[in-house]
Structures are given as C-alpha cells and as structure tokens.
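A.B. asks: The structure's right below; bear with me while I get my questions together.
The values are calculated or read from the model by the stated rules, or taken from the named source; none is laboratory data. Quick caveat, the model's predicted, so the values are computed rather than measured. A quick note on method: Cβ atoms are made from the backbone with ideal geometry, for glycine too, and the neighbour counts reach across all protein chains shown.
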Amino acid sequence: MLIHKGELELKDFYEVIFNHKAIELDEALITKVENSFNFLKEFSENKVIYGVNTGFGPMAQYKIKDEDRVQLQYNLIRSHASGVGNPIPKMYVKAAMLARLNTLSLGNSGVHVSVVKLMAELINRDITPLIYEHGGVGASGDLVQLAHLALVLIGEGEVFYKGEKKPTQEVFELENLKPINVELREGLALMNGTSVMTGIGIVNVIYTERLLNWVLKCSSAINEIVEAYDDHLSEELNNTKKHKGQQEVAKKMREHLKDSTLIRNREEYLYNANANSPVFKEKVQEYYSLRCVPQILGPILDTLKSVRKILIEEVNSANDNPIVDVEKKHVYHGGNFHGDYVSLEMDKLKIVTTKMSMLSERQLNYLLNSKLNDILPPFVNLGKLGLNFGMQGVQFTATSTTAENQT
C-alpha cells in the first residue's frame, strides 16, 4: 500500500492493522520530508525555535547551546518514557504508528527522513513498541505514550517481536535495523501530537461500525421472528423525517427483509379486517425496541459518520508544534498537539456504543419474556421448565454489561 502525504482513509488502517498489508512510502513524500528537514536546519540557525534550541514546556525559556541540541532530544525522549499500567494492545499501537508516520510525512515537522523510513519498517516487519496505557493527559498530546515509541526508534526500550517482549537493541540486530538519526528536533516531533489517541480512536471506530452492522441485522431478524408490521420501516414514513441516518437504517432493514414471508402488511391485517373488534388480540404497534430502530440507530449512524470524519481529518493533519512551512519559509508556534477534537469524538462514540447495548438488551428482554412476545417459551427454554433455564443467564450478562456501559 503506497502512502501519500495526508491521504490516509479508514480502509487503509483496516488493511494495515487487520490484514497486515505492507506499506510503501511514495517518493514525493520522501522528498517533502527531506526538504522540510533541510529548510528547518538552515532556518533555525541564529533563531530561537522551540524544541530545537530551547527547553520544553515550563523550561522553554532556557536557551540550549548548539553543542547540546542533539542531547536535548535524547533527554526529552528518555525523561518522558515514563508510562505505567498495562501495555497498549498491539493493534492500537500499530494504528498509532501509522498515524504518526502520516503526520510526520506532511513536511510540517522538519524531521530527518530516517524517522519515517524506520517507522515504515517496524510496521511492515510487525515489530511493535511497548507503550503503556497510563501517562498521557491529552491537552499536551500523547507525550508519554509517544515517548515510548520514540524510545524504540532511537534503539532503546522494548518491543513485541514474534510473540515475545524483547529489548529493542536485540531485535534491531536480528532484523539488521539502525536507529533513527537524531539531528534537529526528532524527539519533540515524535512525541508532540495526538497520534496514539487518534490511532486508538480509529480502531474503536472500525469496531463500532462492525457492531452497528450486527445490531442492524439482529434488529431486522427480531422484527421477522415476531412477524412485525412493515410500515414502521417504510420509505414513506421515514422520509418524513429529514435525518439521513434514520432513512439509511430503515432502507437497510427493508433490504434485509425484502424476501421475508413473515413480515406483515398493515393494510391486510388491520385496515381491511378486524376493524370492528372491541379488543384486539394482537398489539396494534410493536414495542419501542422493534418499532423505533430507525429512530435509535439512525442518530447513531450519523454520529459515527461524524466521528469517522473528524478522526480521519486529525490523522491527515499536522498535529505538531512548532509547524514548519517550507513554502512560506517560516516556522509557526501554536497548539496543534491539543487532543480535544479526538477526545470529544470518543465521548460521542462511548455514548452511541452504550445506546446500542441498551437497544440490544431491551430486544433480548422481549425475546426472553414469553408474556411480551407471546411466541417463544420463557427464556427461549426448549427444555423442561424448572429443570432447564434456557438463556436466563445470558440476560444477566446483558443487563450487567449495559449497566456498566452507562456508568
């Protein structure tokens, strides 16, 4: 898979993370990175550039001598590689590496080309840096987590290799890899950004899209099992609301059920018959968990699309500081490392995932409650009642999981 500057999509992450597709760096990308590095190296002479010849954070007011510039970058990486807790799972780290590689490839960071080349090699050879879960604060980007990535790139720290945790130096020797060239601001450029939170977010989006697809199919199946009426999924009804997500969910459910012989037509059963009955044996409308699926999953679909859009924009952005502009021959200081875009979208993702679990739990309750569905035995128990328990235990787990999601 050829990596161009700033053109990654969700499907590219899926191919690399789940299908283990190798990546290749475009020649134009390599040239852009080299030009950015060469410009910054020349531009920073006799100028004060944050993170090149100054300290960091609250110590930024201290000027760094020219002979200490390279050591400054090593000091930053080693001092901030201080994460604790469980290791971040491999797929999330791989997503973070691809995200960081992409942002450094935009030519706005002034890093040595060895950085992007080595990151591509690690991804392709399935060498995963050991990065710990706890330590990042978000407002300053993923400083601690990305420091552990940078630590590996300078040949230190630990990696997961062929199912084992090993010292980076040992693996580099086995794979004939060399650490990156630290010459200008490689330490700060690797650490100062949102790539870990974004990589994790992208994997979460992939899983949530899959979950939504399952919930939509299960909702269609449940409507068929209980022989629901067809009009709550109709194009006529759902198009009276202008929300695209609701219309799309209803359309997909109609497609799933287009050849069903169980879904009932309201005209046939209620409009042309039984009109004079004082009490209707069957419900005139299905329960909310069946009838309102387009209105529940529709906003979830729309929200998920928004989350996906923001995360891909973040991946293809320069989330670094300062920003190098070769074309205008200038360096801009700001706060592109700030993580609020990603964190707010993850809050939304958490909410929609919880909503899906709430819907699924109510649908399960309907299926397991014989007094509600009036079709299936209690707890879908196909054995002897009292001696066998059917799916009674499953309902406890579903309710517990839903309650946990809501906290």
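A.B. asks: For segment 380-394, state whether one or more residues are outside any strand (DSSP E or B), touching a residue at least 12 places away in the same chain (Cβ under 8 Å) and buried (at least 19 other Cβ atoms within 10 Å of the Cβ).
C.D. replies: No, that holds for no residue.
A.B. asks: If LEU349 satisfies every condition in (1) assigned to a helix (DSSP H, G or I); (2) surrounded by fewer than 19 Cβ atoms within 10 Å (Cβ to Cβ) but one, which is the exception?
C.D. replies: It fails just one condition, (2).
A.B. asks: Does at least one position in segment 55-63 carry a residue that is part of a helix (DSSP H, G or I) and closer than 30 Å to ARG210 by Cα?
C.D. replies: Looking for residues that are part of a helix (DSSP H, G or I) and closer than 30 Å to ARG210 by Cα, one finds none in segment 55-63, hence no.
A.B. asks: Let me ask something else. Limited to segment 13-37, what total is found for residues that are under 17 Å from LYS90 (Cα atoms) and in a helix (DSSP H, G or I)?
C.D. replies: 5
A.B. asks: So if I check each of VAL70, VAL93, which one is surrounded by 21 or more Cβ atoms within 10 Å (Cβ to Cβ) and touching a residue at least 12 places away in the same chain (Cβ under 8 Å)?
C.D. replies: Answer to the selection: VAL93.
A.B. asks: Could you please find all residues in segment 97-148 being out of contact with any helix residue (DSSP H, G or I) (no Cβ under 6 Å at 6 or more places or on another chain), in contact (Cβ under 8 Å) with a residue 60 or more places away in the chain and of a type in the set (Ser, Thr, Tyr)?
C.D. replies: THR103, SER114, SER140
A.B. asks: Out of the residues in segment 225-244 that are surrounded by 15 or more Cβ atoms within 10 Å (Cβ to Cβ) and among the acidic types (Asp, Glu), state the one that is nearest to ASP374 (Cα to Cα).
C.D. replies: Ranking the qualifying residues of segment 225-244, first place goes to GLU227.
A.B. asks: GLU45: part of a loop (DSSP other than H, G, I, E, B) and out of contact with any Phe, Trp or Tyr (no Cβ under 8 Å at 6 or more places or on another chain), yes or no?
C.D. replies: Here the answer is yes, as GLU45 does meet what is asked.
A.B. asks: Still on this structure: Within segment 57-83, can you find the residues that are over 20 Å from ILE154 (Cα atoms) and either within 31 Å of the chain's Cα centre (by Cα) or not assigned by TED's automatic domain parsing to the domain that holds LYS47 (or both)?
C.D. replies: GLY57
A.B. asks: Here's a follow-up. Considering only residues of segment 327-346 that are of a type outside the set (Ser, Thr, Tyr) and within 16 Å of the chain's Cα centre (by Cα), which is surrounded by the fewest Cβ atoms within 10 Å (Cβ to Cβ)?
C.D. replies: Applying the filter and picking the extreme gives ASP340.
A.B. asks: Any idea which of GLU15, GLU27 is within 19 Å of VAL116 (Cβ to Cβ) and modelled with pLDDT of 95 or more?
C.D. replies: Details: GLU27 fails: modelled with pLDDT of 95 or more.
Every option except GLU15 fails the conditions.
A.B. asks: Can you pull out every residue in segment 221-234 that is closer than 20 Å to ILE300 by Cβ and not β-branched (Val, Ile, Thr)?
C.D. replies: Across segment 221-234, the qualifying residues are ALA221, ASN223, HIS232, LEU233.
A.B. asks: For the list (1) part of a loop (DSSP other than H, G, I, E, B); (2) buried (at least 21 other Cβ atoms within 10 Å of the Cβ), I need the number of the one condition that GLY199 fails.
C.D. replies: Here GLY199 meets the rest and fails (1).
A.B. asks: Given the residues LEU212, LEU190, LEU146, LEU151, which is the only one that is within 30 Å of ARG362 (Cα to Cα), part of a helix (DSSP H, G or I) and aliphatic (A, V, I, L, M)?
C.D. replies: LEU212
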